[in-house]
Amino acid sequence: MATLRVLGIDPGIARLGYGIVEAAGSQLRCVTYGCIETAANIAVAERLQTIYQELEQLLRQYQPDAMAVEELFFNRNTTTAFTVAQARGVVLLSAAQHNTPLAEYTPMQVKQAVTGYGRADKQQIQQMVKLLLGLASLPKPDDAADALAIAIAHAHTAPLARMQPAAQPQQTGWHWQRGNGR
C-alpha cells in the first residue's frame, strides 16, 4: 500500500502553521507539526525570507508528496489579508520550486473533510484531528492544528480525485452571442 506524505499549511505572516501527515489507506499518522513565527517589528521582506527559508528546510527534510494550503478568506481587515497573501505566495513558490503538487482548500472544505460538517468550530476540528491522528493531546497552537486539518483534508480527498475521470465541459444547451446578435 502506497503512503502519501502531505504537508498542510495554514498561511500567516506572524505565525504560519504547518503539519505533516502520512496516509496509508485509511490509516493516518502525524509526522510533525509546528509554526514558523516572525516578529512584527521586522521588515515584511525579512519576515517573508524567514518563512521561505524555514519552508525550504521542511521540504528538504520531509520531502512531502503533496502540499495542501488553505485558501484565504477575509471580510474585514484588508491589511491583514495582503500580508497573509504575501506569505501564501511564498508557500506557493516553495511548492513550485520543489515540484511538489499543490492543492488548495477552503476552510469549509477542510471542516467537511475532517469532521463531516462544513460549519464545525475550532474545538470540534481539533478534537477530530487529535482522534484521527491518535495524538495524546490537542495539537497546539491553533495554527498548527489547522495545518494538520488541512493535510488530513488532502489525505482524504486526493485518492478520490485520482479515481474520478477527467472533468468534461458541461453543456448547458444555452448558446450566447456577442455583439449585435448575428
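Being surrounded by 13 or more Cβ atoms within 10 Å (Cβ to Cβ), touching a Gly at 6+ places or on another chain (Cβ under 6 Å) and either over 20 Å from residue 140 (Cβ atoms) or of a type in the set (Asp, Glu) (or both) narrows it down to one of 86, 112, so name that one.
Criteria check complete, one pass: 112.
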Of the residues in the range 55-80, those that are surrounded by 14 or more Cβ atoms within 10 Å (Cβ to Cβ) and without any contact (Cβ under 8 Å) to a residue 12 or more places away in the chain come to 80
Please count how many residues of the range 116-142 are closer than 22 Å to residue 24 by Cβ and surrounded by 17 or more Cβ atoms within 10 Å (Cβ to Cβ). 6
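Laboratory data are not the source of any read-out in this text; all were calculated from the coordinates shown. Worth saying up front: this structure is predicted, and the values here are computed from it rather than measured. Neighbour counts are summed over all protein chains in view; Cβ atoms, including those assigned to glycine, are modelled from backbone coordinates with ideal geometry.
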